[in-house]
Amino acid sequence: MTHDHDLELRPTAAQISAALNPPPGRNGGDLVVETLAGLGATTVFGLPGQHALGMFDALRRSDLRYVGLRVENNAGFAADAYGRITGEAAPLLLSTGPGALTSLAALQEAAAASAPVLAISSQIPTAGLGGGRHGYLHELPDQAASFRGVVKSVHTVRTQSQIPSAIAAAWQSALTAPHGPVWVEIPQDVLLAPTLLPAVTAVDATPRELPPRPELTAVAAHLLSRAARPAIIAGGGVVRADASGKLRQLAEKLNAPVVTTFGGKGAFPWTHPLSLQSWLEDRHTTDFLEDADVLLVVGSGLGELSSNYHTFTPRGRVVQIEADLGKLESNHPALGIHADARLALQALLETVEPREDDTAPDRVRAVLDRVRARLDSQQLTLEQSLLASVRRALPARSPSFWDMTILSYWAWSAFDARFPNTMHSAQGAGGLGYAFPAALGAAAADPTHPVLAVSGDGGALYSIAELATARQHDLNVTWLIVDDGGYGILREYMTDAFGEATATELGRPDFVALAESFGVPGVRTSPETLEADLARAFATPGPSIVLLPAVLRMFAPTHLGDSCPDGE
């Protein structure tokens, strides 16, 4: 008996002819780029190197767009942002040894933020593999071992016939919830050798779904429907799953206040009557969440930043929805539901009963009023006015990327992202140098909106070489650099802890002149002219720098033992 699917598997005459007569002049690198194209990739990031030249040679025979950066770590940040913006796995092509290892910090950030990055690295020739000391350039005893503790999965290739399947498996891994970076490595000789294998034309790497167990969502729905004071913490998993619409429906059905984590910015409307915004580093918010009799945590592991530095101690029942199995109940006992946020929220929407609660908006306003009063008592008008200027100047749909700098720490709590998946920062792993190369990746992903990058002068010097990338590819990124002459937050931490700061002061260039030397226009601004200068830069296509000399302060912490530092 012949089944329909048997007919689908039979190659056509044209397919047979193409397989028997592959295009001439191809090598192992062509199998890489053909597989990527077959999976749906259109853009690749990276940096060439001696062992990886087979892949880069193959790019000229493909339709893939190549965006080359100047440092591998920055190429990783660009791929990370491309993956966050598009939801696709972003290919990152790297060379062996130093090139590969330089990408580690970027891959750690991608792992922490669940960004789908498909890193493909070369390896030393096959004859040198196995841990011996053969003296090959870039040789490591076990290159993949350096990445196993960082990425979701490692895929090793030793022959050309393994290339399509290994890359397809990595692609599927990167895009299966939780998203994340993956690692593929291919020896130099395998990439360079001529190939008679047919061109790769069809690759199936459909991500696996992660639905919730129905008996668990039934219990969760029962708890939430009967709660007296439910509340919701929405994390980055809601954004990654494109589930913000379902979150809003559920919150409104339950009349449950919602706070978004720093990674979940934009997951819930900032000005919604049920929005507690993102004031997680505030004791008033912490107290409110602790008082919830049922707390729904969606797409967050309640880590250090999301728990007010682990001072959060819920008194009620916790329901945690999390795609990353290792984060499930890792910080607090809960009804743990291992699932993709979108699928789990849909299941809850179908099973919860509506809750009537006219007091919820009033209780939300009371918390936000206390937060505002605490800030107002600290004379932080400069910081708040700068953030407001950025928000007014930035087009609503434009993505923004924030480095580890004081204005960014303010933005985590105080910036209205307006829309999901438009505000991103390096708070997952906490490394410097993220904002500008990530913004370049976002601009490559979607050239229809100007992109904002925000850095301090210290973080900016990690990424300054990418001004050449921005100009070469004419990427529409405005880079706001807040220049305070050093590592500002470390200066503040050390002064508070030790009475004075050490190793925090920096010599730095004239950033405007430096940008202009790359052909990138720059302007020196002030708090009074920031909004206008940013707006002008956003309205002008191509890259630009806006330099703001300013020394900023953080708001007082609330996790060090004094629950009311404003004297309330």
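Numbers at a glance
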{"read-out": "Accessible area (Å², per residue) of region 49-175, counting only protein heavy atoms and a probe of 1.4 Å", "value": "35 Å²"}
{"read-out": "Peptides ranked, highest mean first, by Cβ atoms within 10 Å: ranges 480-490, 336-346", "value": "336-346, 480-490"}
{"read-out": "Value in Å of the Kirkwood radius, where region 271-320 supplies the Cα pairs that are averaged", "value": "11.3 Å"}
{"read-out": "Accessible surface of the chain, 1.4 Å probe, proportion on carbon and sulfur as whole %", "value": "53 percent"}
{"read-out": "Euclidean distance between Cα centres, region 501-529 to region 425-475, Å", "value": "15 Å"}
{"read-out": "DSSP-defined antiparallel bridges as percent of all bridges, the chain, nearest 5", "value": "5 percent"}
{"read-out": "The chain - mean residue ellipticity at 222 nm from DSSP helices (-39,500 (n - 2.57) per run, n ≥ 4, rounded to 500)", "value": "-11500 deg cm²/dmol"}
{"read-out": "Rounded Å value of the spacing that divides the Cα centres of region 191-208 and region 229-282", "value": "42 Å"}
{"read-out": "Sparse-neighbourhood loop sites, chymotrypsin sites (Phe, Trp or Tyr not before Pro) in region 363-429 - DSSP loop, at most 11 other Cβ within 10 angstrom", "value": "none"}
{"read-out": "Mean Cα-pair separation over length for the chain, i.e. relative contact order, pairs under 8 Å, 6 or more apart, %", "value": "13 percent"}
{"read-out": "Packing-based ranking, highest mean first, of 306-316, 435-445, 103-113 given that Cβ atoms within 10 Å are counted", "value": "435-445, 103-113, 306-316"}
{"read-out": "Solvent-accessible heavy-atom area per residue, rounded to whole Å², over region 415-551 at 1.4 Å", "value": "38 Å²"}
{"read-out": "Cα coordinate range in region 230-351, projected on the principal axes (Å, largest first)", "value": "33, 33, 24"}
{"read-out": "In region 128-207, trypsin sites (Lys or Arg not before Pro) in a DSSP loop with at most 10 other beta-carbon atoms within 10 Å", "value": "133"}
{"read-out": "Alpha carbon convex hull of the chain, volume per residue in cubic angstrom", "value": "176 Å³"}
{"read-out": "Between helix 530-539 and the chain: long-axis angle, C-alpha atoms, 0 to 90°, nearest 10", "value": "30 degrees"}
{"read-out": "Kirkwood-type radius of region 326-407, with distances r between different C-alpha atoms, in Å", "value": "17.9 Å"}
{"read-out": "Directionally averaged shadow of region 115-192, computed from the convex hull of its alpha-carbon atoms, nm²", "value": "5.0 nm²"}
{"read-out": "Region 465-532: GluC sites (Glu not before Pro) falling in loop per DSSP and having at most 14 other Cβ within 10 Å", "value": "500, 528"}
{"read-out": "Dimensionless Rg over Rh [region 428-568; C-alpha; Kirkwood]", "value": "1.04"}
{"read-out": "For residue 280, net neighbour charge (Lys/Arg +1, Asp/Glu -1) across residues whose Cβ lies under 13 Å away", "value": "-3"}
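The values are calculated or read from the model by the stated rules, or taken from the named source; none is laboratory data. Please read all numbers here as calculations on a predicted model, not as lab measurements. Here Cβ is always computed from backbone atoms with ideal geometry, including for glycine, and neighbour counts include all displayed protein chains. Heavy atoms of the whole protein, side chains included, go into the accessibility calculation; ligands, DNA and RNA do not. Shrake-Rupley method; radii C 1.70, N 1.55, O 1.52, S 1.80 Å.
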